[in-house]
Amino acid sequence: MTDYLAAAAILWLLPGASPICGQTLDKLKLHNVRAESATYRGKQAIHVTEMPGGGQGESLAIVDGPGFQDGAIEVDLAGSPAPGANDAARGFIGVAFRVQADAGKFELFYLRPTNGHAEDQVRRNHSTQYVSFPDWPWQRTRQETPGLYESYADLESGAWTKVKITVSGAKARLYVNGAEQPCLLVNDLKIAPVKGTVALWIGPGTDGYFANLRVLPQR
């Protein structure tokens, strides 16, 4: 973790302003993950992998920068099952926002890249996911509100995927690969609107890469 990520790889932007800094590895606060600079499929990136034990969903790298409550987040990410991962691994990868101290609470959109081209329609329907940590994990959302917080998106395991998240009050939208329409709508974020941070997130058994992060807080 001593190598620096190229300044172009992760930037924190303010509305209408030029980039104020380039995020480097020493400015990531790691929770149950390892992070290193890497070149992946032609992009300078941060490579994120799980630490042994990996927590219960709070495996993330918090990005240093201004507080974020409402606004937009954009990032290129690529997730695939890690070597040796079990059959349930899907390459879980996403972005957490409104992250509270010590990663005790946060909102999260994530992808299951291997589901995007699955030959099972139900599995395809679980390509994207919204959860709220710790009270609304995917198991609870699927059981109590089946289909409401998941949707299909055309994803490919290990491929770079452009993700955009917009957040306003209790509403959030997930856009994939430059689409004009969101693939997942959330109108009732489970945590009351509060300022927090943004984090790079991976799930169990994932090999994850992140590049070109832009965070634009709403003022």
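Result for the chain in a Gaussian network model with C-alpha springs under 10 Å: among Q143, Q121, Q69, the largest mean-square fluctuation is at Q143. The residues of the range 92-163 present an accessible area of 43 Å² per residue when probed at 1.4 Å with all protein chains retained.
Computed about the Cα centre, the dipole magnitude for the chain is approximately 420 debye when only Lys and Arg (+1) and Asp and Glu (-1) carry charge, each at its Cβ.
With θ taken as phi - 60° and the Karplus curve 6.51 cos²θ - 1.76 cosθ + 1.60 applied, the whole-hertz 3J(HN,Hα) list for the range 103-112 is 6, x, 9, 6, 9, 8, 10, 9, 10, 10 Hz, x standing for glycine and proline.
Just checking the listed ones, T49, T206, T166: in the Gaussian network model of the chain with Cα springs under 10 Å, the one fluctuating most is T166. With a simple spin-label model that places each label point 7 Å from the Cα along the Cα-to-Cβ direction, the separation between I191 and A179 comes to 2.5 nm. Accessible surface of the range 78-174, 1.4 Å probe: 50 percent of it comes from carbon and sulfur atoms.
Distance between the C-alpha centres of the range 152-216 and the range 72-115: 9 Å, rounded to the whole angstrom. Helical content of the chain, expressed as a calculated mean residue ellipticity at 222 nm, amounts to -1000 deg cm²/dmol (DSSP H runs of 4 or more residues, -39,500 (n - 2.57) each, divided by residue number, nearest 500). For the chain, the relative contact order works out to 30 percent when only alpha carbon pairs closer than 8 Å and six or more residues apart are counted. Across the range 102-139, the residues whose backbone nitrogen lies under 13 Å from the label position 7 Å along the beta-carbon direction of A159 are 113-118.
Near L213: Cβ cut-off under 9 Å, other residues only, Lys/Arg at +1 and Asp/Glu at -1. The net charge is -1. Can you tell which of G71, G79, G203 shows the greatest fluctuation in a Gaussian network model of the chain with Cα springs below 10 Å? Residue with maximal mean-square fluctuation among G71, G79, G203: G71.
In this structure R34 has an accessible area near 120 Å², from a 1.4 Å probe over the protein heavy atoms.
For the chain, the square roots a ≥ b ≥ c of the C-alpha gyration tensor eigenvalues yield an a/c under 1.5, which makes the shape rounded.
The values are calculated or read from the model by the stated rules, or taken from the named source; none is laboratory data. Given the structure is predicted, the values throughout are model-derived calculations rather than measurements. Cβ sites come from the backbone with ideal geometry, for glycine too, and all protein chains shown count toward neighbours. These accessible areas exclude ligands, DNA and RNA; they are computed on the full protein's heavy atoms, side chains included. Shrake-Rupley method; radii C 1.70, N 1.55, O 1.52, S 1.80 Å.
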